[in-house]
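J.: Structure below; questions to follow.
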């Protein structure tokens, strides 16, 4: 079997990317965008097509991360996949040549943002985490914070993270690495997806700084989040019939974890059936004679989308809590490594 090629990265859909595609000269390119860029997807595809003269098709399924690029079955004949809005996952190489366009944003005045943080009275020992789009802002922002008396920590994280300080929906090991030496975390980016994930992963207050709007959101109530999950775990402790969900996406497939959980369930007298799917869909779980599920796919499926599913969906650590093999406290985030 030939080794999979390492992915390339580009800051934006610009001349550098277009020239690289032209030089590579694939016969067909598949472009995949996150849900937030779907409205612009056709314009971006046209820009690539017109700039390179190479046939470019769009993947209809939006990507949630670098863990689920378009598969060969989704775009047959495409010799190159271009994924927008995400950084590569170093230990999860895609099945075909894939380039990641990180959509880096230079927006945000570091001095003004640091003043906003100081004015809000955040703790002085501060961990900083950012979405990949805003990582270029961190050096200047942390320097400005340091000038204002903050002790700033930026963790490197494990092999799943491409960059120090990076937030990844399934992995906040950069933050976990420095959590013991900080009083709070500052997330730099837009939206609530990453601040929520960070709040799950670290037992510290998480403030959210939007560098484009210059606004600072107060900490998420982690205690309330954890209590809701603990209550859900308690409701399924007596469940006898479980479904173990496995995603076949290259960056989400944890078959060994699923098999280990199946063994643990059977050792505790439970029935556990492994269910395979690429993208986990609530509709595929309707009508099954199962009482609850454990998802070994993206942990955010269980944590963020649980209301969409017909039966309770736990993460692997929560499943072990339900079996009585882990205590409810401290709460453990399902970190992908």
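Bear in mind that the values in this text are calculations on the coordinates, not laboratory data. Keep in mind it's a predicted model, so treat the numbers as computed, not measured. With ideal geometry, Cβ positions are generated from the backbone for all residues, glycine too; neighbour counts draw on all protein chains shown.
J.: Taking the Cα-to-Cβ direction at residue 257 and at residue 234 and moving 7 Å from each Cα, how far apart do the two end points lie in nm?
T.: Between residue 257 and residue 234, the label points sit 2.6 nm apart.
J.: To continue, here is another question. Indicate the gyration tensor shape class of the range 94-239 (rounded, prolate or oblate), computed on the Cα atoms with a ≥ b ≥ c the square roots of the eigenvalues: a/c under 1.5 is rounded; otherwise a/b larger than b/c is prolate and the rest oblate. Walk me through the numbers before you get to the answer.
T.: Values: a/c = 1.91, a/b = 1.25, b/c = 1.54.
In terms of gyration-tensor shape, oblate.
J.: Enumerate the residues in the range 237-252 having an amide nitrogen under 16 Å from the point lying 7 Å beyond the Cα of residue 267 toward its Cβ.
T.: Answer for this model: none.
J.: Find the relative contact order for the chain and round it to a whole percent, using C-alpha pairs within less than 8 Å whose residues are 6+ positions apart. Write out the running numbers ahead of the final one.
T.: On the way: 660 pairs, mean separation 43.8, N = 337.
Once divided by the residue count of the chain, the mean separation gives 13 percent.
J.: Based on the Cα atoms of the range 69-121, what semi-axes does the equivalent ellipsoid have, where each is the square root of 5 times one gyration tensor eigenvalue, given in whole Å with the largest first? If you can, show how the numbers build up before the last one.
T.: Working: eigenvalues 296, 25, 13 Å².
The answer is 39, 11, 8 Å, longest axis first.
J.: Right, here's the next one. Considering only DSSP beta bridges with both partners in the range 110-220, what is the antiparallel share in %, to the nearest 5? Don't skip to the answer; put the middle values down first.
T.: Numbers: 4 of 17 bridges.
Percent antiparallel among DSSP bridges in the range 110-220 is about 25.
J.: Hey, another quick one. How are the C-alpha pair distances of the chain spread across 10 Å bins, as whole percents from the shortest bin up?
T.: 5, 24, 29, 25, 14, 3, 0
J.: So, one more: Applying 1/(1 + (r/R0)^6) with R0 = 35 Å to the Cβ-Cβ distance of residue 57 and residue 286, what FRET efficiency is obtained, to the nearest 0.05? Intermediate results must be reported in sequence, preceding the final value.
T.: On the way: r = 32 Å, r/R0 = 0.91.
Working from the Cβ atoms, E equals 0.65.
J.: Give the separation of the Cα centroids, the range 179-246 to the range 89-126, in Å.
T.: 18
J.: Compactness ratio of the range 1-79: Cα Rg over 2.2 N^0.38 Å, N = residue count?
T.: Numbers: Rg = 12.5 Å, N = 79, 2.2 N^0.38 = 11.6 Å.
Cα-based Rg divided by the globular estimate yields 1.08.
J.: Now for a different question. Quick check: the distance between the Cα centres of the range 30-64 and the range 270-313, to the nearest angstrom?
T.: Value for the Cα centre distance between the two parts: 30 Å.
J.: I would also like to ask the following. Select from 295, 181, 250 the residue whose mean-square fluctuation is largest in a Gaussian network model of the chain (Cα-Cα springs shorter than 10 Å).
T.: Result for the chain, Cα springs under 10 Å: 181 fluctuates most.
J.: Can you tell me how much longer the chain between residue 225 and residue 278 gets when fully stretched, taken as 0.36 nm per residue apart minus their C-alpha distance, in nm with one decimal?
T.: Values: separation 53, 0.36 × 53 = 19.08 nm, distance 2.78 nm.
Using 0.36 nm per residue and subtracting the Cα-Cα distance, I get 16.3 nm.
J.: Give me the percent of DSSP beta bridges within the chain that run antiparallel, rounded to the nearest 5.
T.: On the way: 4 of 46 bridges.
Of the beta bridges lying entirely in the chain, close to 10 percent run antiparallel.
J.: Choose one answer from 287, 65, 197: the residue with the largest mean-square fluctuation in a GNM of the chain with alpha-carbon springs under 10 Å.
T.: Of 287, 65, 197, the most mobile in the Gaussian network model is 287.
J.: Need one number: nm distance between label points at residue 146 and residue 216, each 7 Å from Cα along Cα→Cβ, rounded to one decimal.
T.: According to this spin-label approximation, the distance is 2.0 nm.
J.: Turning to a different aspect of this structure: Given the options 189, 77, 155, which has the most mean-square fluctuation in a GNM of the chain, springs set between C-alpha atoms less than 10 angstrom apart?
T.: Result for the chain, Cα springs under 10 Å: 77 fluctuates most.
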